[in-house]
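Have a look at this one before I ask anything.
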Amino acid sequence: MSDGRPSCPCVLCHDYGDRDRLDNFQLRTIVHISQYGWSVVLVHPNADVPGWAYTIGLWHSHRSAELAMFGGDVYEMEESLNALGRQAAEGRGPADGERRDGIVRGQQAAFRTVDVRWYDTFFGGAVAFYRRPPLPFLQVVRPNAEGLFPWQPGTDLPFRHSQPWLWLAPSQHTPGVWTRRL
């Protein structure tokens, strides 16, 4: 049965023959998606890398791009991603190049399409759920306290490096904390 939407390759829509071997993370993700429509994965910071968060299930449930945020407090990013998930559930999923007000601490956020070559590095849980890229992923880019985005004049170097620029190919990205994961 087709509802006119692009097909979904996820483990809920297709039996890949290994459902009895899914790990606790995958099972919890499936439960969250079944109950809420998506799940938010938190990757806590460590001494080497700032934290990040990303969604799994927005494509499955709403055919909206999965979303990722970097370099902030993981619980604040989770809150922002859940707010954006609710918007996607209402049919208002973000698009590449769009900016929306009130996303991060009341400030605007920008949305940029993630280059597929970053997926395995940062979104392993989503790749495992969908079993194959490419699926659409948007990076939710947060501004600094003055409302400037990392690529805008007037931002300092530490802020510019606080979030990866995943819309660039890995070979074009400035070497640093984010590219060490490659």
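Need one number: nm distance between label points at His44 and Leu168, each 7 Å from Cα along Cα→Cβ, rounded to one decimal.
Here the answer is 3.1 nm between the modelled labels.
Return the tail of the calculated pair distribution for the stretch 59-119, meaning the percent of Cα-Cα pairs more than 17 Å apart.
Details: 699 of 1830 pairs.
Tail fraction, whole percent: 38.
So how much slack lies between Cys13 and Asp156, counting 0.36 nm per residue of separation and subtracting their Cα-Cα distance, in nm?
Working: separation 143, 0.36 × 143 = 51.48 nm, distance 4.51 nm.
Taking 0.36 nm per residue and subtracting the Cα distance, the gain is 47.0 nm.
Under 10 Å, Cα contacts only: if you run a Gaussian network model on the chain, which one of Glu98, Glu146, Glu79 comes out with the highest mean-square fluctuation?
Highest fluctuation of the listed residues: Glu146.
Collect residues whose amide H, placed 1.01 Å from N in the peptide plane, falls under 5 Å from the amide H of Gly93; neighbours closer than 5 in sequence don't count.
none
Near Trp167, within a Cβ-to-Cβ distance under 9 Å, what is the net charge of the other residues, with Lys and Arg +1 and Asp and Glu -1? Show your work: numbers first, answer last.
Values: positive: Arg112; negative: Asp96, Asp115.
So the surrounding residues net to -1.
Further question on the same structure: Can you tell me the 0 to 90 degree angle between the C-alpha axis of helix 74-89 and the longest principal axis of the chain, rounded to 10?
Here the helix axis deviates by roughly 60 degrees.
Can I ask one more? Would you mind ranking Ile56, Ile33 so that the residue whose beta carbon has the fewest other beta carbons within 10 Å leads the list? Intermediate results must be reported in sequence, preceding the final value.
Details: Ile56 25, Ile33 21.
Ranking Ile56, Ile33 by Cβ neighbours within 10 Å, fewest first, gives Ile33, Ile56.
Continuing with the same structure: Could you tell me the distance between the Cα centroids of the stretch 7-59 and the stretch 88-139, to the nearest Å?
The distance from the Cα centre of the stretch 7-59 to that of the stretch 88-139 comes to 14 Å.
If you average over every viewing direction, what projected area does the convex hull of the Cα atoms of the chain give, in nm²? Before the final figure, lay out each step's value.
Details: hull surface 44.4 nm².
The orientation-averaged projected area of the Cα hull of the chain comes to 11.1 nm².
Every number here is computed from the coordinates shown, using simple stated rules; none is lab data. In this text, all values refer to a predicted model and were calculated from it rather than measured experimentally. In this analysis, Cβ positions are derived from the backbone assuming ideal geometry, glycine residues included, and neighbour counts consider all displayed protein chains.
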